[in-house]
1. Can we say VAL226 is touching a helix residue (DSSP H, G or I) at 6+ places or on another chain (Cβ under 7 Å) and either farther than 30 Å from HIS113 by Cβ or not assigned by TED's automatic domain parsing to the domain that holds ALA40 (or both)?
2. Here are the criteria: (1) part of a strand (DSSP E or B); (2) free of Cβ contacts under 8 Å to residues at least 24 places away in the same chain; (3) more than 22 Å from THR38 (Cα to Cα). Tell me which single one GLU77 does not satisfy.
3. Failed condition for GLU389, given (1) closer than 30 Å to LYS5 by Cβ; (2) within 16 Å of ligand 1 (Cβ to nearest atom); (3) of a type in the set (Asp, Glu), with all others met?
4. Quick one: would you say HIS34 is assigned to a helix (DSSP H, G or I), under 23 Å from VAL160 (Cα atoms) and either away from ligand 3 (no atom under 16 Å from the Cβ) or not aliphatic (A, V, I, L, M) (or both)?
5. If the requirement is being buried (at least 16 other Cβ atoms within 10 Å of the Cβ), assigned to a helix (DSSP H, G or I) and of a type in the set (Phe, Trp, Tyr), which of these qualifies: PHE168, PHE252?
6. Is it the case that some residue within the range 108-115 is of a type in the set (A, V, I, L, M) and in contact (Cβ under 8 Å) with a residue 40 or more places away in the chain?
7. Can you pull out every residue in the range 73-126 that is surrounded by fewer than 21 Cβ atoms within 10 Å (Cβ to Cβ), under 27 Å from ASN172 (Cα atoms) and among the acidic types (Asp, Glu)?
8. Please verify whether the range 142-158 includes one or more residues that are surrounded by fewer than 17 Cβ atoms within 10 Å (Cβ to Cβ), outside the structural domain of ALA355 (by TED's automatic domain parsing), away from ligand 2 (no atom under 16 Å from the Cβ) and on the phi > 0 side of the Ramachandran plot.
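The values are calculated or read from the model by the stated rules, or taken from the named source; none is laboratory data. Just so we're clear, the structure is a prediction, and the values are computed from it rather than from any experiment. Cβ placement follows ideal geometry from the backbone for every residue including glycine, while neighbour counts extend to all protein chains displayed.
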Amino acid sequence: MKELKNYIKIHEKRFLDELFSLLRLPSVSADSKHKEDTIATSKFVAKSLRDAGCDLVEICETKGYPIVYAEKIIDKELPTILVYGHYDVQPADPLDLWDSNPFEPVIKKTEIHPEGAIFARGACDDKGQVFMHIKALEYMTSTNELPCNIKFMIEGEEEVGSENLSLFVNRNAEKLKNDVILISDTGMISQDTPSITTGLRGLSYVEVEVTGPNRDLHSGIYGGAVANPINILSKMIASLHDENNQITIPGFYDKVLNLSQQERDAMAEAPFSLKDYKESLGIEEVYGEKGYSTNERNAIRPTLDINGIWGGYTGEGAKTVIPSKAFAKISMRLVPNQNHHEITKLFQTHFENIAPKSVSVKVTPHHGGQSYITPTDNIGYQAASKAYEATFGRTPVPQRGGGSIPIVALFEEVLKSKTIMMGFGLDSDAIHSPNEHFGVFNFIRGIETIPLFYKYFTEMSQH
Ligand code: BES
Ligand code: MN
Ligand code: MN
């Protein structure tokens, strides 16, 4: 361990330089304008894995962006760890809210990151965290300390739903065979309270289109006499929650797996300050489903949120118009036992049912994914816990996360192995937002913690 710290110290500047080069590539999977950049990023990742000592590195083509697969097999009798991550990033928009260029990384000190944080799109989600794994591997191969076999699968379409990866996993189950899956694509509670994410929510994402008259109309000549699709859409959306902030779609909660009081009590023990939470977001009061705490609302309860809404005139000045159409993008976060296909159907039926005759509605499903829970009574979790204990000096807290990584449920289904989520980001790192960043401390701690996971997992597997 001393040597690892030393190794990091000697090479830290190079690690950061290399990560900066990776962050300079705008691999925005949602935006076809960045196609070449995204493909270039897959090559960069492949080269980094080769340089870090993998014996086999492949860039696997898909219908979308390539999947980078790499491995180093040292002994078939030893356990195999599969590392998953993604090299694609969210769009950087709105650009004017960034203090620096999202694709020109800079290190700046913040209150939470006094040692400095790397500001760039993807710094935390997920390039910085993938890079910790690559550098941890470099350390282990160059010092002959790799205790087990390792496989890497780094994809370029996580932020757009991982559809091509599903196909790849189904077709390559044998190749991807492993004893445990390790992901660093989540966060921890705080710099001095490490945590391991034990749950992810599922997702159903839909787009709706409401059509009224067959053309845009003068709002004086026609106003009041025909349905305005924006008015109607707003009403329909407002009706999707009741006075307790519960979702009104019939059947939405039918399959929700409720936590026992004991589990809820255990959750409530995790350190959390509502005051700091509100302060960090600049809000007077939180908001959500009646009868649940903030941490329950954002992790164990399903939700429905409008992600975007548009229609009519939004340019400068005023234009008097009743638009022909109105649109919204809607996400539903799902919890264990809710099936995302079923929920999408329920939404669609309900949305069509509540539309007045004066408009027509079209619901288009986008991507989705199932929720996932990692049990804590397995050696994967225990090895991770021991690794954090060694580097942070504290036992990590198990924590259900509110975000989604759609492929994880499929990993369990197809590859039959558990996924351990060792994330090193913080909620305040602003992933998906302007000024995303990742603490240099977190990056280094990650590189220190990962090899210990390999070591403990291998030891625990052999007993
Ligand atoms: N890394 C996140 C997921 C995440 C972040 C989980 C923090 C738990 C804590 C991932 O890249 C992500 O953003 N996923 C998307 C889903 C995807 C289908 C667009 C999400 O959760 O919105
Ligand atoms: Mn991610
Ligand atoms: Mn993301």
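1. no
2. Only one criterion is unmet by GLU77, namely (1).
3. Looking at each condition in turn, GLU389 falls short on (2).
4. yes
5. The conditions single out PHE168.
6. yes
7. ASP75, GLU77
8. yes
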